[in-house]
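**Q** Got a structure here, written out as structure tokens. Questions coming.
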Amino acid sequence: MEELQHTAKAYYDAAAENAKQVARDFVAEMDHDRDGVVCLPEFLRFAKVKGYVRMSNPHFFRQLNTSCTGKLSFDEAITFFYIVTSARPLCDGCGHLVLGIFFTCVKCFDDADESGTFNLCTGCFSRSKYVHSHEHFLDNVVLLHAKRRELKQERNKGFCLAAIEVACRLATRFCTIM
Ligand SMILES: [Zn+2]
Ligand SMILES: [Zn+2]
């Protein structure tokens, strides 16, 4: 979790002022009594109301609360902001937040509009501790590169089609002149 906290803080520090304000508003909304920290009931209520139902539990709160004070500091609270805005997944095997590399079902990823993605931590993936109807999984780094390759191919295909269209038009014109 410390690694995620550093990442969240780095994004926050480097962000433009209006983006920082969005993060501050998010934390302020969680901090119901405005005492500068987020206690467990505030967190649970906020997560539930905002639809982060799977994260609305004391276990997840304790994971965020790396300082073990029982209350989330601003840095711990913006880690939660980072987790939900970056759509970092919970493992669909064990239910825990995936802190490092994770495996994604490629079919569900491609059809994400309808069904949502299906993700696994390395432990659940390697021990096959899950029930799922699809079989093709890639880790998030490999998947990113695979999607980049696909995009490039699509672009090349588009370029070829455009070239063929121009050639056809020229040929038609040439035939008309003749
Ligand atoms: Zn898992
Ligand atoms: Zn799937």
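The values are calculated or read from the model by the stated rules, or taken from the named source; none is laboratory data. As the structure is a prediction and not an experimental result, all values here were calculated from the model. As a convention, Cβ positions derive from the backbone with ideal geometry for all residues, glycine included, and neighbour counts pool all protein chains shown.
**Q** If I filter the range 59-67 for residues that are surrounded by fewer than 16 Cβ atoms within 10 Å (Cβ to Cβ), more than 19 Å from Pro89 (Cα to Cα) and either charged (D, E, K, R) or more than 20 Å from the chain's Cα centre (by Cα) (or both), do I get at least one hit? Even if it seems obvious, please write down each step before you answer.
**A** Initial filter on the range 59-67 (surrounded by fewer than 16 Cβ atoms within 10 Å (Cβ to Cβ)): 59, 62, 67.
Subsequent filtering for residues that are more than 19 Å from Pro89 (Cα to Cα) retains 67.
When the remaining residues are screened for being either charged (D, E, K, R) or more than 20 Å from the chain's Cα centre (by Cα) (or both), the result is 67.
Within the range 59-67 (the criterion being surrounded by fewer than 16 Cβ atoms within 10 Å (Cβ to Cβ), more than 19 Å from Pro89 (Cα to Cα) and either charged (D, E, K, R) or more than 20 Å from the chain's Cα centre (by Cα) (or both)), the answer is yes, since at least one residue qualifies.
**Q** Of a type outside the set (Ser, Thr, Tyr) and crowded, with 16+ Cβ neighbours inside 10 Å: does that describe Ala77?
**A** Against the criterion (of a type outside the set (Ser, Thr, Tyr) and crowded, with 16+ Cβ neighbours inside 10 Å), Ala77 qualifies.
**Q** Within the set of pairs 6+ apart or on separate chains, which have a first residue in the range 89-116 that is farther than 18 Å from Val142 by Cβ, a second that is modelled with pLDDT of 90 or more and within 9 Å of ligand 2 (Cβ to nearest atom), and C-beta atoms under 8 Å apart?
**A** Asp92/Phe118; Asp92/His132; Ser115/Cys108; Gly116/Cys108
**Q** Asp33 - would you say it is exposed (fewer than 13 other Cβ atoms within 10 Å of the Cβ) and either touching an Asp or Glu at 6+ places or on another chain (Cβ under 7 Å) or farther than 23 Å from Phe102 by Cβ (or both)?
**A** yes
**Q** Quick check on my filter: what residues within the range 97-112 are within 16 Å of ligand 1 (Cβ to nearest atom) and within 13 Å of the chain's Cα centre (by Cα)?
**A** Within the range 97-112, Leu97, Val98, Leu99, Gly100, Ile101, Phe102, Phe103, Thr104 meet the criteria.
**Q** Go through the range 2-23 and report how many residues are of a type in the set (Lys, Arg) and without any contact (Cβ under 8 Å) to a residue 24 or more places away in the chain.
**A** Going through the range 2-23 one residue at a time, the tally reaches 1.
**Q** Can you pull out every residue in the range 86-97 that is away from ligand 2 (no atom under 16 Å from the Cβ) and either touching a strand residue (DSSP E or B) at 6+ places or on another chain (Cβ under 8 Å) or closer than 16 Å to Lys147 by Cα (or both)?
**A** Within the range 86-97, Arg88, Cys94, His96, Leu97 meet the criteria.
**Q** Do you know which residues across the range 1-27 are exposed (fewer than 14 other Cβ atoms within 10 Å of the Cβ), among the aliphatic types (A, V, I, L, M) and more than 15 Å from Thr85 (Cα to Cα)?
**A** Matches in the range 1-27: Ala14, Ala16.
**Q** Still on this structure, I have one more. Could you check, for the range 73-96, whether at least one of its residues is farther than 25 Å from Met1 by Cβ, within 16 Å of ligand 1 (Cβ to nearest atom) and either in contact with a helix residue (DSSP H, G or I) (Cβ under 9 Å, 6 or more places away or on another chain) or hydroxyl-bearing (Ser, Thr, Tyr) (or both)?
**A** no
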